[in-house]
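In what follows, a single structure is set out as structure tokens and then discussed.
The values are calculated or read from the model by the stated rules, or taken from the named source; none is laboratory data. These figures come from a predicted structure and were not determined experimentally. In this analysis, Cβ positions are derived from the backbone assuming ideal geometry, glycine residues included, and neighbour counts consider all displayed protein chains. When the accessible area is computed, the model is the full protein with side chains, heavy atoms only, and any ligands, DNA or RNA have been set aside. Shrake-Rupley method; radii C 1.70, N 1.55, O 1.52, S 1.80 Å.
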Amino acid sequence: MSTDRTDVCIVGAGLAGLACARYLTRSGIETLILEASDGVGGRIRTDVIDGFRLDRGFQVLLTQYPEPHHQLRIDDLELCRFEPGALVRVRGKFHHVSDPLRRPTTIWDTLRAPVGTIADKARLAALILDLRRTTPRELLRRPDRSTADELRARGFSATMVDTFWRPLFAGIQLDPELEVSSRRFTLILSMLAEGDAAVPAQGMGAIPAQMAADLPHGTVTLDARVASIEGDGVALTDGRRITARAVIVATEGPTAAELLGLRDPGSRPVSNVQFAADAAPIPDRLVVLDGDGSGPASNLAVMTNIAPGYAPSGRALISVEVPGPLVPDDGDLLDAVRTQVRGWFGGAVDSWTHLRTLRIAHGHPDQRPGFSPKQAIRVGDGRYVCGDHRDNASIQGALYSGRRAASVVLADLYR
Ligand SMILES: Cc1cc2nc3c(=O)[nH]c(=O)nc-3n(C[C@H](O)[C@H](O)[C@H](O)COP(=O)(O)OP(=O)(O)OC[C@H]3O[C@@H](n4cnc5c(N)ncnc54)[C@H](O)[C@@H]3O)c2cc1C
């Protein structure tokens, strides 16, 4: 057994841990990140398999998130943007639903789409206008309830909820039952209404790669799993001990809860199935929503329509997202997904090559009503916590939380 020493030890090299380490090292603090897996990025990684760039699940960066503009060199990510709106599959056809304020030419398609009544479309426009006039701070002060209750209170019909809101927010918040906090729902919707969803040209993994590249050599130790936090440091599963003036736990919420004795925030699971095809089944840069509720997938995107570099030249990459409880068997899930998308795109789906299925038990922390970001960072003497479960379950929340943790530690120990 050996013992090493550092000023600050961070557990976990996801976005929160990396963000925290960058602020600390820029202030001249000796920082060590211990990461259990074989790479940085946590839930945001991209694996290159046979020339395809496979993100670990369907993930996008919203250009309206404020924190990436402070912490990332956005231009270097070469963002590739989705078209605003969605292609909704209802009653055997695809319908383009968009924000007429941003895409005036889509107004007739949107009005005609069988995803609710004309009054629903007017309510949608009113909701977007309301969100545009309200700051994020004000949204977070509004009374909190479930997303389903919020939509009901705003008068949306059951058809509009089932054909549009449910598949959209099943995908975004991993929330097929629309149970998540209305504060989070309105916050995310306001960002979607004002900005774009985008992916870096080389995959979502370019985000943590950029952050890690800024850290001094040797800051991150991979394949180093922390077993416990004890005394003035941490114990690793391989028997090593690291002592530090401050320990910051930047793991997923359930692991942080276990290591620090906090309340487990709960988990929203999600699966993702990715296919290669010789031709894209649709030409659009739009996300496809399952408006019929046929399931199991809530949404699909032809990633190469948005970012051609996600696949070798001439091939298409299709990413299918299945939020909700994990299906125990990969084969059953693949069969069910193929059956569903064959119903959308026909027999061509049988020639698609299955590239990978991921089942992610902790996709998001479960942020139900009573949601409040900016949760405490300091949880004991020399012990701190950060991550998306302390702010909001997103890239924005993780980055912001990491920055907050660094400033609290700097204030506590170094001023
Ligand atoms: C499928 C999916 C889709 C998503 N889509 C979006 C999206 O479109 N837009 C968006 O903004 N957000 C999205 N999110 C959420 C976003 O990915 C997360 O909010 C964010 O990445 C969380 O970062 P984090 O640093 O808090 O935690 P994590 O990324 O989970 O990082 C925690 C790190 O701690 C490490 N660790 C755990 N235990 C230990 C231990 N004992 N010792 C050492 N290391 C340990 C882990 O290996 C991991 O690297 C999505 C998430 C998923 C799963």
(request) Return the whole-Å distance between the Cα centroid of the stretch 71-107 and the Cα centroid of the stretch 215-235. (result) 41
(request) Over the stretch 97-193, average the accessible area per residue using a 1.4 Å probe and give it in Å², no decimals. (result) 44
(request) Show me 318-328, 116-126 ranked by packing, highest mean number of other Cβ atoms within 10 Å first. (result) 318-328, 116-126
(request) Compute the long axis of helix 330-345 from its Cα atoms, compare it with the longest principal axis of the Cα atoms of the chain, and write down the angle in degrees, 0 to 90, nearest 10. (result) 40
(message) What does the extension gain come out to for GLU258 and ALA348, with contour length at 0.36 nm per residue minus their alpha carbon separation?
(response) 27.7 nm
(message) Looking only at the chain, where both bridge partners belong to it, what percent of the DSSP beta bridges are antiparallel (to the nearest 5)?
(response) 70
(message) Can you tell me the orientation of helix 15-26 relative to the chain, as the angle in degrees between its alpha-carbon axis and the longest Cα principal axis, to the nearest 10?
(response) 40
(request) Be a star and scan the stretch 38-60 for residues whose amide nitrogen sits under 17 Å from the point 7 Å along the Cα-to-Cβ vector of ASP4. (result) 38-40
(message) If I take R0 = 35 Å and measure r between the Cβ atoms of ALA153 and ALA361 in this structure, what FRET efficiency does the formula 1/(1 + (r/R0)^6) give, to the nearest 0.05?
(response) 0.60
(request) Can you tell me the order of 5-16, 21-32, 345-356, 267-278 when each peptide is scored by its average per-residue count of other Cβ atoms within 10 angstrom, highest first? (result) 5-16, 267-278, 21-32, 345-356
(message) Please report the net charge: other residues with Cβ closer than 15 Å to the Cβ of PHE156, K and R +1, D and E -1.
(response) +1
(message) Run the simple label-point estimate for ALA376 and ASP214 please: 7 Å along Cα→C-beta, distance reported in nm.
(response) 3.0
(message) Could you tell me the ratio Rg/Rh of the stretch 1-61? Both radii from Cα atoms, Rh via Kirkwood.
(response) 1.10
(message) Beyond 18 Å, how much of the Cα-Cα pair distribution for the stretch 169-257 remains, as a whole percent?
(response) 68
(request) Using a 1.4 angstrom probe, figure out how much accessible area the stretch 300-415 has per residue, in square angstrom, rounded to the nearest whole. (result) 39
(message) How large a share of the accessible area of the stretch 97-193, in percent, is made up of carbon and sulfur atoms when the probe is 1.4 Å and the other protein chains stay in place?
(response) 58
(request) Multiply the residue gap between ILE107 and ARG26 by 0.36 nm, knock off their C-alpha separation, and tell me the result in nm, one decimal place. (result) 24.3 nm
(message) Taking the 0 to 90 degree range and rounding to the nearest ten, how far is the long axis of helix 118-132 tilted relative to the main principal axis of the chain, both from C-alpha atoms?
(response) 30
(message) Please report the net charge: other residues with Cβ closer than 14 Å to the Cβ of ARG225, K and R +1, D and E -1.
(response) -4
(request) Relative to the compact-globule scaling 2.2 N^0.38 Å, provide the ratio for the alpha-carbon radius of gyration of the chain. (result) 1.00
(message) Could you order the peptides 138-144, 390-396 from most to least packed, using the average number of other C-beta atoms within 10 Å per residue?
(response) 390-396, 138-144
(request) Label the stretch 97-193 by shape, choosing from rounded, prolate and oblate, from the square roots a ≥ b ≥ c of the eigenvalues of the Cα gyration tensor; if a/c is under 1.5 it is rounded, and otherwise prolate applies when a/b is larger than b/c, oblate when it is not. (result) oblate
(message) Considering only C-alpha atoms, what is the centroid distance from the stretch 135-197 to the stretch 350-383, in Å?
(response) 18
